[in-house]
């Protein structure tokens, strides 16, 4: 059950990064977009990298 949540949160983190990339490409430069970008971009990168690694470790440990 937790594997599903780890995968879902990882996908949502990368979707957040993709959202801000799309907004950058369409040159949307509102103040609120900038505020949310600054608040969520670094945690999204960290979650998008750490959670898949954590998921792989859990799968490897469970198979042993």
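Within region 27-40, does at least one residue satisfy the condition of being at pLDDT 95 or above, farther than 14 Å from residue 53 by Cα, part of a helix (DSSP H, G or I) and touching a helix residue (DSSP H, G or I) at 6+ places or on another chain (Cβ under 7 Å)? Within region 27-40, one or more residues are at pLDDT 95 or above, farther than 14 Å from residue 53 by Cα, part of a helix (DSSP H, G or I) and touching a helix residue (DSSP H, G or I) at 6+ places or on another chain (Cβ under 7 Å). In region 21-39, the residues that are exposed (fewer than 10 other Cβ atoms within 10 Å of the Cβ) form Cβ pairs under 9 Å with partners that are outside any loop (DSSP other than H, G, I, E, B), at six or more places apart or across chains, as follows: 29/23; 30/23. Given the criteria in contact with a helix residue (DSSP H, G or I) (Cβ under 8 Å, 6 or more places away or on another chain), in a helix (DSSP H, G or I), surrounded by 11 or more Cβ atoms within 10 Å (Cβ to Cβ) and at pLDDT below 95, does residue 54 qualify? Taking the combined requirement at face value, the residue satisfies it.
The values are calculated or read from the model by the stated rules, or taken from the named source; none is laboratory data. If you're wondering where the values come from, they're calculated on a predicted model, not measured in any experiment. So basically every Cβ, Gly included, is an ideal-geometry build from the backbone, and we count neighbours across all protein chains shown.
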